[in-house]
Each structure stands twice: as C-alpha cells, then as structure tokens.
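The values are calculated or read from the model by the stated rules, or taken from the named source; none is laboratory data. Remember, predicted model here, so these are calculated numbers, not experimental data. Ideal geometry is used to build each Cβ from the backbone, glycine not excepted, and the neighbour counts take in all protein chains shown. Please note that ligands, DNA and RNA were not included when accessible areas were found on the heavy atoms of the full protein model with its side chains. Shrake-Rupley method; radii C 1.70, N 1.55, O 1.52, S 1.80 Å.
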Amino acid sequence: MDHSPGFLRLVDEARARVHEIAVTDVPRRVSAGARFFDVREDREWDASHPAGAEHLGKGVIERDIERLVPDTGAELLLMCGGGYRSAAAADALQRMGYTNVHSVAGGWRAWQAAELPVVRG
C-alpha cells in the first residue's frame, strides 16, 4: 500500500519512541500474560485475524483502552496490517501513560508470512 508522506513522517516519529517486537515473539509474550490487540479496521478483522488477538481498532483504542486495560503497566502488543498504524497507536498509548506497549513489526503481513495461527472470517 502506498502511504502519504505526512502519514509516513508521523509513523517514523512514532517509531522513534515505540519499541517494536518481532511477530514471532508474540505467542511467547501472550503465553506470559501480555494482551494482544489487532488495531486494524473492523472489515479487516472480520475477514481474518491472528488467533489469540483481541480487536480494538485504531479509531477507538485511545477511547476504550483504559476501560479494557486499567493497569498502565500491563504488557500490550499492538498489530495492524504492516506495522504503521500499530506504531502510531502505541505512541498514543504511551502518551496516555501506558509504559509497556510494543508494536508488532511487519503486522498482519508478517504474521501470515510466519505462518502463525489465523482465525478466518
């Protein structure tokens, strides 16, 4: 997907402040208690999504996260389609006071390439 220069600049700035993890690290971290959120749009989630993920779209994560995860020290793993929206969302959550937030590098495309478990629509 082609992204606009402004969006790419925003994501690059966010990535400078956000820790990214490899998609292959997600299952181990979830087993250890991390919460794993797919921040893609509803239609993307409905088509297919990572097994074990919860859905909380980028458009509402800032509004709803405190109700779903009141512990600002909880480990949160965020994934989108390619690692762009999740970096922006992770940056926003960090600014809200969450201290253990990670963006999954490569996102959904990397998840599929690694042949990790998927739930189909």
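Restricting the search to the range 81-90, which residues are in a helix (DSSP H, G or I) and open to solvent by 10 Å² or more (accessible area, probe 1.4 Å)?
Scanning the range 81-90 gives Arg85, Ala88.
Condition check ((1) within 23 Å of Arg95 (Cα to Cα); (2) at pLDDT 95 or above; (3) β-branched (Val, Ile, Thr)) across all residues:
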{"site": "Val18", "(1), (2), (3)": "yes, yes, yes"}
{"site": "Asp25", "(1), (2), (3)": "no, yes, no"}
{"site": "Ser31", "(1), (2), (3)": "no, yes, no"}
{"site": "Phe36", "(1), (2), (3)": "yes, yes, no"}
{"site": "Trp45", "(1), (2), (3)": "no, yes, no"}
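Hey, among Val39, Val60, which residue is closer than 20 Å to Leu10 by Cα and surrounded by fewer than 14 Cβ atoms within 10 Å (Cβ to Cβ)?
Val60
List, please: which pairs have Cβ atoms under 7 Å, are six or more places apart or on different chains, and start with a residue in the range 94-121 that is more than 17 Å from Arg15 (Cβ to Cβ) and open to solvent by 80 Å² or more (accessible area, probe 1.4 Å) and end with one that is at pLDDT 95 or above and acidic (Asp, Glu)?
Filtered contacts from the range 94-121: Gly121/Asp46.
Within the range 13-21, does at least one residue satisfy the condition of being acidic (Asp, Glu), in a helix (DSSP H, G or I) and surrounded by fewer than 17 Cβ atoms within 10 Å (Cβ to Cβ)?
yes
Given the conditions (1) open to solvent by less than 70 Å² (accessible area, probe 1.4 Å); (2) part of a helix (DSSP H, G or I); (3) in contact (Cβ under 8 Å) with a residue 60 or more places away in the chain, report the number of the one that Trp45 does not fulfil.
Of everything listed in (1) open to solvent by less than 70 Å² (accessible area, probe 1.4 Å); (2) part of a helix (DSSP H, G or I); (3) in contact (Cβ under 8 Å) with a residue 60 or more places away in the chain, Trp45 misses just condition (3).
Could you list, in sequence order, all residues of the range 63-80 that are crowded, with 19+ Cβ neighbours inside 10 Å and either on the phi > 0 side of the Ramachandran plot or of a type in the set (A, V, I, L, M) (or both)?
Ile65, Leu76, Leu77, Leu78, Met79 - these are the residues of the range 63-80 that are crowded, with 19+ Cβ neighbours inside 10 Å and either on the phi > 0 side of the Ramachandran plot or of a type in the set (A, V, I, L, M) (or both).
Since Gly52 meets every condition but one in (1) part of a helix (DSSP H, G or I); (2) over 20 Å from Arg15 (Cβ atoms), which condition does it not meet?
Exception for Gly52: condition (1).
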